[in-house]
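Q: Just dropping this structure here.
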Amino acid sequence: MQGVEHVSEDAAVETPAAMFGKEIRLAREARGWTQAQLADKLWCRQPYVSKVESGQQLASPQFAEMCDRVFGTPGVYARMRQRAADAGNPAWLLPYLQLERQAATVCDYSPVLVAGILQTPEYAEAVYRASPTDGSRPRIKQHVDDRMRRREVFDGPNPPSFWVILHEAVLWSGLGGADVMRGQLQHLAAVSEHPHITVQVLPFGGTPVRGAPFILLRQQDGTEVLYAESYVQGQVHDSPGVVGEARATYERLRANALSLPDSLRLIRHVMEAYVHERHPRPHPLDMGEIQLQRRERRDVRRMGPRTRGYRRRPRPGQQES
């Protein structure tokens, strides 16, 4: 059973990009063009066309759109490329990915892991390696590539406004080791400067009001839906009552979270901790709190039990030493 599964995984990794590339090659050859000639028409380089046609690389959305223009097939290759990009994702995730691509705003609460669309490749790999169901190396690479492609949503003409609230525990988790976490936090600090991305941190001591992650997506027409994952899979909810309760919860989380400048300072502080320590642990950022803790520890030592020297009483007839 294990051997059969391994073969199917390898095929699943290669097939989507290879099938798309094959269609591009057949369309090119039907017109008698070389790869170099097609590259000139697509405003790209011949090695890129070669990689796409061989399935070594899944084409970009822009490449697929240009192919539709050159081959006179409005939307055909763009849709084909999107299906290839989604092929590695579980079926239950596809509705969310479609909503994410069409959303005007996305509000994400992540109390356990960094939001998927903001993960670095190294962090995403560590996430999948920690999962007992995704241990195959080709499968993990496929998952990581699929996750990285979700960033394409910010390259479109109307990218969504993405707001994420991370619990402070996510920053200190140490997932993947100090180097991986340092790179992930550096990426968070960088993307927080993006005009369409906002990152807040819910600190320790802040009222979490909810322990499970969830995402609210508002569409261009103003409708809003809730996406929530269970242990098994994720589900989209459009009930006004459920969505309204989730919206109220998110607003309370946003109110309890640190301000944007303070969130960025905390992210950078934790990042520095990973530079100097292999397994850093959170500690108070306020020096007054640190000094108070030190004074409390001294007071505990003063109040601790004191032991007196014990001297054995001499027996009758013995001299006292």
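Q: Is it fair to say P314 is at pLDDT 50 or above and either over 25 Å from I197 (Cβ atoms) or in a loop (DSSP other than H, G, I, E, B) (or both)?
A: For P314, the condition - at pLDDT 50 or above and either over 25 Å from I197 (Cβ atoms) or in a loop (DSSP other than H, G, I, E, B) (or both) - is met.
Q: Next question, about the same structure. I'd like the residue in segment 176-230 that is closer than 17 Å to T105 by Cβ and of a type in the set (D, E) and, out of all such residues, is modelled with the highest pLDDT.
A: E224
Q: Let me ask another. Looking at segment 25-35, is at least one residue closer than 26 Å to M148 by Cα, modelled with pLDDT of 90 or more and touching a Cys at 6+ places or on another chain (Cβ under 9 Å)?
A: No, because not a single residue in segment 25-35 is closer than 26 Å to M148 by Cα, modelled with pLDDT of 90 or more and touching a Cys at 6+ places or on another chain (Cβ under 9 Å).
Q: Picking from A178, A190, which residue would you name as being of a type in the set (A, V, I, L, M, F, W, C), in contact with a Lys or Arg (Cβ under 6 Å, 6 or more places away or on another chain) and farther than 29 Å from G244 by Cβ?
A: Step by step, each of A178, A190 is checked, and only A178 is of a type in the set (A, V, I, L, M, F, W, C), in contact with a Lys or Arg (Cβ under 6 Å, 6 or more places away or on another chain) and farther than 29 Å from G244 by Cβ.
Q: With respect to T249, is the statement that it is polar (S, T, N, Q), under 26 Å from L94 (Cβ atoms), touching a residue at least 40 places away in the same chain (Cβ under 8 Å) and in the same structural domain as Y123 (by TED's automatic domain parsing) true?
A: So T249 fits the description; yes.
Q: State whether the residues of segment 55-68 include one that is assigned to a helix (DSSP H, G or I), among the hydroxyl-bearing types (S, T, Y) and under 13 Å from A17 (Cβ atoms).
A: The answer is no, given that none of the residues of segment 55-68 is assigned to a helix (DSSP H, G or I), among the hydroxyl-bearing types (S, T, Y) and under 13 Å from A17 (Cβ atoms).
Q: Another question about this same structure. State which residue is nearest to Y250 (Cα to Cα) when the search covers only segment 98-125 and only residues that are among the hydroxyl-bearing types (S, T, Y) and over 11 Å from the mean Cα position of the chain (by Cα).
A: So, considering only residues that are among the hydroxyl-bearing types (S, T, Y) and over 11 Å from the mean Cα position of the chain (by Cα), the one nearest to Y250 (Cα to Cα) is Y109.
Q: Oh, and also: Is it fair to say L58 is surrounded by 18 or more Cβ atoms within 10 Å (Cβ to Cβ), modelled with pLDDT under 85, of a type outside the set (S, T, N, Q) and outside the structural domain of V153 (by TED's automatic domain parsing)?
A: yes
Q: Determine, yes or no, whether S259 is surrounded by fewer than 14 Cβ atoms within 10 Å (Cβ to Cβ) and in the same structural domain as L175 (by TED's automatic domain parsing).
A: Yes.
Q: Tell me which residues, restricted to segment 135-155, are in contact (Cβ under 8 Å) with a residue 12 or more places away in the chain and not in a helix (DSSP H, G or I).
A: Scanning segment 135-155 gives a single hit, S136.
Q: Inside segment 187-207, can you point out the residues that are surrounded by fewer than 15 Cβ atoms within 10 Å (Cβ to Cβ) and in contact (Cβ under 8 Å) with a residue 24 or more places away in the chain?
A: Correct list: H194, F204, T207.
The values are calculated or read from the model by the stated rules, or taken from the named source; none is laboratory data. In this text the structure is predicted, and so the values were computed from the model without any measurement. When we count neighbours, we look across all protein chains shown, and the Cβ atoms used for this are built from the backbone with ideal geometry, even at glycine.
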